[in-house]
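Participant: Shown below is the structure under consideration.
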Amino acid sequence: MNTLFAGVYGASDAILFILSISILYSLIRRHPDDPTKWIPVDNLTYVRWIAGFVLVVLSVATSSRSYTLQSYIVSYAGTAVFIAGSAFFYGAKSPLSRIFFSDSEGLPHLSPKGFYRISRHPAFLGLMLLSLGFALALVSLPGIIVCAFLVLPLLFISARRVDDVWSRRGGSAYIAYSASVPLLLPAFRRGRML
């Protein structure tokens, strides 16, 4: 814990801190054009929030970073994973991405753009990478364990649950879309993205 915001970890910690605050703010305050507005808020949402809070507190409290090469490698790899997760998370929330659009009568219609063309749930993929990256960046074994056995499964279950809601809302168009676009991990076929 004595290495937080110190020495060679200063830049990495600043990135983690700034992006974490920004992501928390964007989760709390949704913009009207936010494509993730189609994700329903339910009890599982609050469980995910609690699990995320536990992950952050546990990772910070049990950080075992030291000034060794192995610690540097794990920490900076975690920061890279965290940044990749931020790209997916913000990409999913970008006005350039969307899964549904509302017509003049307010009815949703399937129209995937941006990150939703390569992953059905890029926001959940982003949160998975953010969680894993955070625990790795702080070199916290308990954080990695909580991430692997609590946070990641919760996010996967959430993605499946949202997929069920969206398939009812989008009907046969969404079922065809889900057959061609993977749930979470982007697929690359013959050198092009789906």
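Participant: Specify the residue that is most open to solvent (accessible area, probe 1.4 Å); the eligible residues are those in the range 150-170 that are without any contact (Cβ under 8 Å) to a residue 12 or more places away in the chain and more than 28 Å from residue 54 (Cα to Cα).
Facilitator: 168
Participant: Let me ask something else. Going through 64, 22, 94, 26 one at a time, which residue ends up being small (Gly, Ala, Ser), open to solvent by less than 40 Å² (accessible area, probe 1.4 Å) and at pLDDT 70 or above?
Facilitator: Being small (Gly, Ala, Ser), open to solvent by less than 40 Å² (accessible area, probe 1.4 Å) and at pLDDT 70 or above holds for just one of 64, 22, 94, 26, which is 94.
Participant: What single numbered condition from (1) modelled with pLDDT of 80 or more; (2) touching a helix residue (DSSP H, G or I) at 6+ places or on another chain (Cβ under 8 Å); (3) not acidic (Asp, Glu) fails to hold for residue 149?
Facilitator: In the conditions (1) modelled with pLDDT of 80 or more; (2) touching a helix residue (DSSP H, G or I) at 6+ places or on another chain (Cβ under 8 Å); (3) not acidic (Asp, Glu), residue 149 misses (2) alone.
The values are calculated or read from the model by the stated rules, or taken from the named source; none is laboratory data. Not measured: the values here are computed from a predicted model. For neighbour counting, all protein chains shown are included, and Cβ atoms are generated from backbone atoms with ideal geometry for every residue, glycine included. In case anyone asks, the SASA skips ligands and DNA or RNA and just uses the protein heavy atoms, side chains included. Shrake-Rupley method; radii C 1.70, N 1.55, O 1.52, S 1.80 Å.
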